[in-house]
Every structure is written in structure tokens, then in C-alpha cells.
Amino acid sequence: MAYFDRVLSSDSFALEFDPNRQGRRYESCAESLEYDPDKKELVVRYRIPNLGIIYTIGSFVDSKKEQTVVAKELPAKKAGELRKHVLHAILIRASAEVFYSDPFGLVSRLVIAGFLDFYDPAYGTRRVIDAVKTAVPEKGVLPGRFGTN
């Protein structure tokens, strides 16, 4: 399990959609909770981005009145769809990290418990909330092991 902890904790990526920009890096935070060798199942907890980290800007408008450029947010429904898309991509990325780093086929099913980690200004405390739990079979991420297609 320490090996998979290392694989998942070494992952960082940009949440920017424009590949030409050097965006903020999102440092993943993950830990392996348990491994069942009979089922070849690995259970991990993975921090998912808070709402404020995922940009939901639809366009920029030149405000002549204020002599500045103003960011215009996406409509709520579109912003929600974008956040779901980013969350899905992050979970698939974490799954691929595990399966591609497993040359011996130790894991055939990955269970990911995604959690939010944020500071709650209303209470002045840091809170961790379990937000999503999903199981990903190896065949759901990889088309096949190298050399088997």
C-alpha cells in the first residue's frame, strides 16, 4: 500500500483548461486505506477540489464605464456541469495513475472515496466532508495491459 500512497501523492496537475497557460498546480492528497489481495481491490481516499478552485468563468467583458475587464460567470447549471466534468476527470486520472503504475496486476478494482477539505469561516474550523464514493474496474480505465491488445 505504501507504493500506491507514493504514486497518488506524487501527482500534481493544472486545473487550467488552456495548455498555453502556466496555471496553479493542484496538489493531490491521497492515501490508501486498505487492500484486499483476494479481490485485488484497493480502497483510497482522494481530496477533490473545492468549488472555489475550479474556475467557472464563461467570458470576459470590457466595461467601458469602469475602464476594466470584468469576468462573467457561467450560468449556475453550466457551472455545475463544468464542476462535475472536472471531478470526473480527476477521479479517472487518479484511477489511471494507480492502474498504469501497477505492472504486476495487483489491483483490478479501485474504490475511491473523494473528500472535500476546506476552512469553514462560519465556525472558524477546518472541515473534511466525504463527497463522493465510486468504484472503478481496471477495464473501465485501461483498454488493456501493454502487449495484450
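Quick note: the coordinates plus some simple rules give every number you see, no bench work behind them. What you see is a predicted model; the values in this text were computed from it and never measured. Cβ atoms come from the backbone with ideal geometry, glycine included; neighbour counts cover every protein chain shown.
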Worksheet item: With r defined as the distance between the Cβ atoms of ILE57 and LEU106 and R0 fixed at 35 Å, what FRET efficiency is calculated, to the nearest 0.05?
Response: 0.25
Worksheet item: What percent does the relative contact order of the range 2-141 come to when contacts are Cα pairs within less than 8 Å and at least six residues apart?
Response: 22
Worksheet item: Projected onto the charge dipole of the range 2-141 (+1 at Lys/Arg Cβ, -1 at Asp/Glu Cβ, origin at the Cα centre), which of GLY140, PHE99, GLN67 gives the Cα projection farthest towards the positive end?
Response: GLN67
Worksheet item: Among SER108, SER32, ALA89, which residue has its Cα positioned farthest towards the positive end of the charge dipole of the range 2-141, with +1 placed on the Cβ of Lys and Arg, -1 on the Cβ of Asp and Glu, and the dipole taken about the Cα centre?
Response: ALA89
Fill in: Percent antiparallel among DSSP beta bridges (both partners in the range 2-141, rounded to 5)
80
Practice prompt. Return the Cα extents of the range 49-149 along principal axes one, two and three, sorted largest first, each rounded to a whole Å.
Written response: 62, 38, 21
